[in-house]
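Have a look at the structure below, then the notes.
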Amino acid sequence: MCELSVYMVAGGKRELVMESVVRIVVMDGRILFEGILGGSKEVDGKLKEINILSQEVLIEA
């Protein structure tokens with residue numbers, strides 16, 4: 001599977017937001033992440049980068 005780890009990037013630091021993400025929905029400045037086990041998390045920010053090879057998503061605060 002290709003689950004992703006999501007990180008918030010601010011001031012040169014990366015903070016883990018959620019692991020095992022399989023779905024991302026962008027909605028007017030907010031981003032919803034849904035995990036493989038059914039959990040979800042919604043954050044404010046802008047989608048900066050999705051890297052499937054490293055299985056990471058970067059969100060800009």
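The values are calculated or read from the model by the stated rules, or taken from the named source; none is laboratory data. Predicted, not measured: the structure shown is a model, and the values here were computed from it. In this analysis, Cβ positions are derived from the backbone assuming ideal geometry, glycine residues included, and neighbour counts consider all displayed protein chains. Surface accessibility is based on the protein's heavy atoms, side chains included, excluding ligands, DNA and RNA. Shrake-Rupley method; radii C 1.70, N 1.55, O 1.52, S 1.80 Å.
Values as computed for the structure displayed
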| item | result |
| --- | --- |
| Residues satisfying the stated conditions in the stretch 20-61, i.e. closer than 14 Å to A10 by Cα and among the small types (G, A, S) | G45, A61 |
| Index of the failed condition, E3 passing every other in (1) of a type outside the set (A, V, I, L, M); (2) open to solvent by 70 Å² or more (accessible area, probe 1.4 Å); (3) modelled with pLDDT of 95 or more | (2) |
| The stretch 11-45, residues that are assigned to a strand (DSSP E or B) and either on the phi > 0 side of the Ramachandran plot or surrounded by fewer than 12 Cβ atoms within 10 Å (Cβ to Cβ) (or both) | K13, E15, L16, S20, R23, V25, V26, M27, R30, E42, D44 |
| Test: residue in the stretch 46-57 that is in contact (Cβ under 8 Å) with a residue 12 or more places away in the chain and in contact with a Lys or Arg (Cβ under 8 Å, 6 or more places away or on another chain) | no |
| Counted residues, the stretch 46-61 - those being surrounded by 12 or more Cβ atoms within 10 Å (Cβ to Cβ), of a type in the set (V, I, T) and over 14 Å from L16 (Cβ atoms) | 1 |
